[in-house]
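Step one of this worksheet: look at the structure below.
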Amino acid sequence: MEIQRVWAAYFSPTGTTEKIVTHIAEHLAKPIEHPVLYFDFTLPPARQEAKRFLKSDLVVFGVPVYAGRVPNVLLKYLNTLEGNGAQAVPVVLFGNRNYDEALKELRNLLELQPKEWSCDKAAAMVTARSTSNWESTLTIGKGSAAGIAVDDCVVDEYWNLVGVVAEVGENWATVRTLVDSDTEMGGQLARTGGAAILEGDFALMGEGRLKLTYLPENSELIAGDLVTTSGRGGVYPAGLVAGHVEEVRTDASGMTRYAVIAPETDLDGLQQVFVITDFTVNE
């Protein structure tokens with residue numbers, strides 16, 4: 001695909017990231033004789049709507065490093081970007097300490113953006129919710145008549161994972177939320193790319209949390225690490241944000257570590273969800 005547009009996209013509270021990203025973008029654009037377009041998402045109003053890029057775009061994407069990480073304030077917004085197959089050049093800048101894993105984290109976050117698959121989805125209103133010691137479910141006002149089926153993934157407006165359809169009627173469906181004790185699906189750490197398993201847990205369900213198990217050997221998890229669906233096995237799409245790491249614990253045996261995951265979506269406040277009724281992995 002021939003590059004048609006070059007973008008300088010940056011979060012730059014002090015102006016330094018803007019200067020560096022702009023310089024790189026202008027240097028890359030010069031040989032192909034294309035103008036540079038600028039996207040400054042430093043201030044909150046610029047992050048109110050998802051930014052869409054085209055497959056023919058080259059995007060130089062830069063952020064500063066805060067405590068060795070991509071700034072936490074950006075994590076939810078970065079998940080709304082629509083890359084549509086654009087090529088990206090991730091750039092991170094640091095001041096008085098190393099950039100640690102921030103460059104890898106930004107690269108992985110950009111690779112998640114929409115997405116390596118396309119889908120059909122149905123919007124539905126939440127009509128009821130049930131949270132008890134035994135289950136965590138939502139009832140939605142659409143069902144098989146809208147093409148919804150058991151095991152369809154359910155997301156919020158930001159593509160954060162809500163759960164999976166567990167039961168379907170003609171005009172209703174029950175969604176098992178991601179904190180339900182029956183949840184089990186492949187997960188992936190956005191910062192490192194390491195694979196693990198997202199699992200519901202009876203004890204954590206009451207806290208509105210789930211756990212990440214089978215952690216990669218010698219993995220160093222950090223509070224705030226983003227966890228997404230892995231897409232392994234082809235049953236569920238990849239790149240849906242499940243939540244972030246709150247803490248790492250050791251089980252009762254003292255032998256196995258797991259991470260406690262806080263969902264990125266607001267399960268208690270959801271009024272509308274989107275059911276992914278079909279998806280195709282793009283080649």
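Taking the numbered list (1) surrounded by 19 or more Cβ atoms within 10 Å (Cβ to Cβ); (2) among the polar types (S, T, N, Q); (3) farther than 16 Å from A122 by Cα in turn, T192 passes all entries but (1). Looking only at residues in the range 218-271 that are hydroxyl-bearing (S, T, Y), closer than 16 Å to I197 by Cβ and crowded, with 19+ Cβ neighbours inside 10 Å, which one is farthest from the chain's Cα centre (by Cα)? In this case the residue turns out to be Y258.
Here G269 fulfils each of the conditions (1) in contact (Cβ under 8 Å) with a residue 60 or more places away in the chain; (2) outside any strand (DSSP E or B); (3) within 18 Å of N160 (Cβ to Cβ) apart from (1). Checked against (1) out of contact with any Phe, Trp or Tyr (no Cβ under 9 Å at 6 or more places or on another chain); (2) at pLDDT below 85, D100 passes all but condition (1).
V155 meets each of the listed conditions (1) in contact (Cβ under 8 Å) with a residue 60 or more places away in the chain; (2) more than 17 Å from G231 (Cα to Cα); (3) assigned by TED's automatic domain parsing to the domain that holds V273; (4) crowded, with 18+ Cβ neighbours inside 10 Å apart from (2).
Quick one: which of L58, L43, L93 is more than 16 Å from the chain's Cα centre (by Cα), among the aliphatic types (A, V, I, L, M) and farther than 23 Å from G224 by Cβ?
Numbers: L43 fails: farther than 23 Å from G224 by Cβ; L93 fails: farther than 23 Å from G224 by Cβ.
On inspection, the qualifying residue turns out to be L58.
In the list E135, E105, E170, which residue meets the criterion of being surrounded by 15 or more Cβ atoms within 10 Å (Cβ to Cβ), out of contact with any strand residue (DSSP E or B) (no Cβ under 7 Å at 6 or more places or on another chain) and among the acidic types (D, E)? E135 is the lone residue from the list that is surrounded by 15 or more Cβ atoms within 10 Å (Cβ to Cβ), out of contact with any strand residue (DSSP E or B) (no Cβ under 7 Å at 6 or more places or on another chain) and among the acidic types (D, E). A88 meets each of the listed conditions (1) within 21 Å of the chain's Cα centre (by Cα); (2) of a type outside the set (K, R); (3) surrounded by fewer than 20 Cβ atoms within 10 Å (Cβ to Cβ) apart from (3). Residues that are part of a loop (DSSP other than H, G, I, E, B) and out of contact with any Leu (no Cβ under 9 Å at 6 or more places or on another chain) within the range 14-45 comprise T14, G15, E33, P35, T42, L43, listed in sequence order.
Taken over the range 31-66, the criterion of being of a type in the set (G, A, S) and in contact (Cβ under 8 Å) with a residue 12 or more places away in the chain is satisfied by A50, S56, G62. Within the range 45-57, is there a residue that is assigned by TED's automatic domain parsing to the domain that holds N84, modelled with pLDDT of 95 or more, surrounded by 14 or more Cβ atoms within 10 Å (Cβ to Cβ) and hydrophobic (A, V, I, L, M, F, W, C)? Taking every residue of the range 45-57 in turn, none turns out to be assigned by TED's automatic domain parsing to the domain that holds N84, modelled with pLDDT of 95 or more, surrounded by 14 or more Cβ atoms within 10 Å (Cβ to Cβ) and hydrophobic (A, V, I, L, M, F, W, C).
The values are calculated or read from the model by the stated rules, or taken from the named source; none is laboratory data. Fair warning: this is a prediction, and the values are worked out from it, not measured in the lab. No Cβ is skipped: glycine too gets one built from the backbone with ideal geometry, and neighbour counts run over all protein chains shown.
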